[in-house]
Structures are given as C-alpha cells and as structure tokens.
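Q: Handing you this structure, nothing more for now.
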Amino acid sequence: MAARILSARGRTLDLSSPKIMGILNVTPDSFSDGGKFVGLESAIEQARRMVNEGADIIDIGGESTRPGADLVPVEEELRRVVPVVKAIASELDVMISVDTSTPEVMEQCVEAGAHLWNDIRALQRDGAVDMAAKLDVGVCLMHMQGDPKTMQINPVYTDVVKEVTEFLRERAKACTDAGISEDKIILDPGFGFGKTLKENYQLLNHLPKLIEGTNFHLLSALSRKSMVGVAVTGITVPAERVVASVTAAFYSFMQGAHMVRVHDVKETKEALQVFNAIKQYN
C-alpha cells in the first residue's frame with residue numbers, strides 16, 4: 001500500500017496501515033464511561049494504559065455528545081480538558097486529539113500540546129475553520145444530522161451515503177479553501193449521530209465512497225454504540241459490547257478505514273495485528 005501520511009502541527013502518522021485512536025472522556029455523563037476519568041490522575045493513568053496497549057492517538061473529550069446531551073459551558077470544558085492535554089503532552093509520546101467544537105477550547109488545547117481537532121460539527125461554528133488553519137492542526141470532520149440533543153428523534157435521508165458524502169466533501173472544501181492541506185483532513189461519517197440502524201450499516205458498507213478520488217483520510221467510530229449493541233446483539237450495557245465493537249472495527253479495516261476510534265484499545269490492537277497479517281500474506 002502506498003504511503004498515506006496524516007500531518008498535524010508538524011507531527012506525522014503513517015496511515016498506510018490502520019491506526020487506533022483511544023477514547024478518553026473526561027466527562028461525568030458520556031454514554032459508556034462517563035465519570036470514570038474525571039480526575040486528572042485517573043485520566044493520565046488511562047492514557048498511559050491505552051498507549052501501552054497500542055493507541056496511536058489519544059482523543060480527549062470534555063463535553064458528552066451522546067444522544068440527548070446538553071451543551072457544556074466553555075469555561076467548564078476548558079477546566080476539564082486543558083490540564084489533561086498538558087499532562088499527557090509532557091509525559092507521553094503520542095498524538096493528542098481534542099474532541100470539541102469550540103475554537104477557544106482548541107486554541108488553548110494546542111497551547112497545552114494538542115495536535116488534532118476532532119469536531120462532531122465539522123468546524124461549522126463561527127471562526128472554527130480559520131482557527132484550524134491558524135493553528136496548523138489536523139482536523140477530523142464528522143457528519144451529524146441535527147444536534148446531540150435531538151439527532152436521534154427522527155433522522156430522515158433520501159440517500160444517506162450520497163448526502164453524508166456531499167456534506168463531508170463540502171466541509172473539507174471549506175478547509176482546503178482556508179489553506180488546510182488534504183493530508184491534514186480526516187472524514188468521519190458519524191455513526192449514531194442522526195442515523196437509523198439501517199443508515200448506519202449502509203454507511204459502513206460504503207465507507208470507501210466517502211473519500212473516493214481524494215487524499216482525505218477516513219475514520220470509523222463505532223465503539224460500544226447502540227448499532228453494535230441492543231439493536232443487533234441485544235447487549236444493553238455499553239461496556240459489554242467489546243466483541244461486537246472489535247468486530248465492527250475489523251470490518252472497518254476491511255472497508256478501508258485509516259483509523260478507528262475505540263474504547264477497547266488492547267482488543268482492537270489484537271484484531272488489527274491479525275488484519276495486517278492477512279494483508280501481508282495475501
């Protein structure tokens with residue numbers, strides 16, 4: 001496979017083999033692990049664990065975006081996230097991503113050592129695209145219909161693959177028009193963000209179309225979500241959806257995802273090692 005490089009604030013990641021983004025939620029109310037890592041030391045310990053297990057990126061979030069979630073004040077998001085970014089940057093040799101939609105939060109996180117901006121709103125807030133260009137960060141643009149508070153009430157599409165692809169291409173163009181190069185841009189279809197079960201799986205089955213003919217990178221984020229839970233496997237407790245999540249991650253690799261965003265790094269890394277062996281000895 002030809003080299004494919006993610007560039008973010010002077011740091012690079014070779015995506016010719018898929019990479020793992022480990023989830024670190026420093027929130028009290030995230031759908032799967034809310035409240036587990038709200039203390040600074042517990043957050044740092046979890047980051048250490050994920051890096052040791054094989055995470056290439058640590059994605060830090062200070063605002064829950066689960067269905068029905070409320071907005072968090074900027075000051076509170078900064079209080080939760082910035083100290084964690086600073087501590088990880090000072091101790092661990094890993095790319096740091098911040099899951100936020102707020103330019104002010106990202107600016108302070110970059111000052112603390114972050115490299116990548118992961119935004120469920122695809123940099124649509126005022127000043128976000130210009131801030132991303134100014135900061136020289138990598139950007140992950142996600143599709144969402146509606147907002148976290150209402151997105152799952154009644155999502156409607158005529159052609160979900162076409163509409164999600166068009167939206168992500170438009171947002172990517174806004175970035176390139178602002179001077180952000182394609183090697184800095186990651187596209188995420190937004191599984192579970194304003195989609196029905198059928199639409200989620202249609203997107204999963206057509207992942208390559210999202211970046212067809214471009215040099216953008218592709219992220220798949222299905223970990224512990226309801227699409228691999230109660231609706232399919234009957235598993236109601238998110239933390240018990242490990243096997244289902246790893247299976248979905250493996251299929252994402254098969255579909256060309258350059259990275260997966262996961263809670264269960266060790267198990268996903270083992271699946272990735274098997275995937276790489278299959279590709280090597282093809």
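Q: Please go through (1) closer than 25 Å to Ser7 by Cα; (2) touching a helix residue (DSSP H, G or I) at 6+ places or on another chain (Cβ under 7 Å); (3) part of a loop (DSSP other than H, G, I, E, B) for Lys209 and return the number of the only condition it doesn't satisfy.
A: Only one criterion in (1) closer than 25 Å to Ser7 by Cα; (2) touching a helix residue (DSSP H, G or I) at 6+ places or on another chain (Cβ under 7 Å); (3) part of a loop (DSSP other than H, G, I, E, B) is unmet by Lys209, namely (3).
Q: Then there's this: Which condition number does Val160 fail, the rest of (1) touching a residue at least 40 places away in the same chain (Cβ under 8 Å); (2) loosely packed, with under 14 Cβ neighbours inside 10 Å being met?
A: Against the list (1) touching a residue at least 40 places away in the same chain (Cβ under 8 Å); (2) loosely packed, with under 14 Cβ neighbours inside 10 Å, Val160 comes up short only on (2).
Q: What's the number of the condition Asn118 fails, among (1) in a loop (DSSP other than H, G, I, E, B); (2) polar (S, T, N, Q); (3) touching a Lys or Arg at 6+ places or on another chain (Cβ under 9 Å)?
A: That leaves (1) as the condition not met.
Q: Would you confirm whether or not segment 187-197 contains a residue that is in contact with a strand residue (DSSP E or B) (Cβ under 8 Å, 6 or more places away or on another chain), buried (at least 21 other Cβ atoms within 10 Å of the Cβ) and on the phi > 0 side of the Ramachandran plot?
A: Yes, segment 187-197 contains a residue that is in contact with a strand residue (DSSP E or B) (Cβ under 8 Å, 6 or more places away or on another chain), buried (at least 21 other Cβ atoms within 10 Å of the Cβ) and on the phi > 0 side of the Ramachandran plot.
Let's see how each residue does on (1) in a helix (DSSP H, G or I); (2) without any contact (Cβ under 8 Å) to a residue 12 or more places away in the chain; (3) within 24 Å of Val51 (Cβ to Cβ):
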| position | (1), (2), (3) |
| --- | --- |
| Thr214 | no, no, no |
| Met227 | yes, no, no |
| Val230 | no, yes, no |
| Thr233 | no, yes, no |
| Thr236 | no, yes, no |
| Val246 | yes, no, yes |
| Lys266 | yes, no, yes |
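Q: So Lys195 fits all but one of (1) closer than 28 Å to Arg49 by Cβ; (2) outside any helix (DSSP H, G or I); (3) not polar (S, T, N, Q); what number is the exception?
A: Checking Lys195 against (1) closer than 28 Å to Arg49 by Cβ; (2) outside any helix (DSSP H, G or I); (3) not polar (S, T, N, Q), the one that fails is (1).
Q: A further question on this structure: As an exercise: evaluate Met144 against (1) out of contact with any helix residue (DSSP H, G or I) (no Cβ under 6 Å at 6 or more places or on another chain); (2) surrounded by fewer than 20 Cβ atoms within 10 Å (Cβ to Cβ); (3) closer than 25 Å to Leu207 by Cβ; (4) not polar (S, T, N, Q) and give the number of the one condition it does not meet.
A: Status for Met144: all satisfied but (2).
Each value in this text was obtained by applying a stated rule to the coordinates, not by laboratory testing. The model shown is predicted, which means the values in this text are computed figures rather than measured ones. Cβ coordinates were reconstructed from backbone atoms using ideal geometry, including for glycine residues, and neighbour counts include every protein chain displayed.
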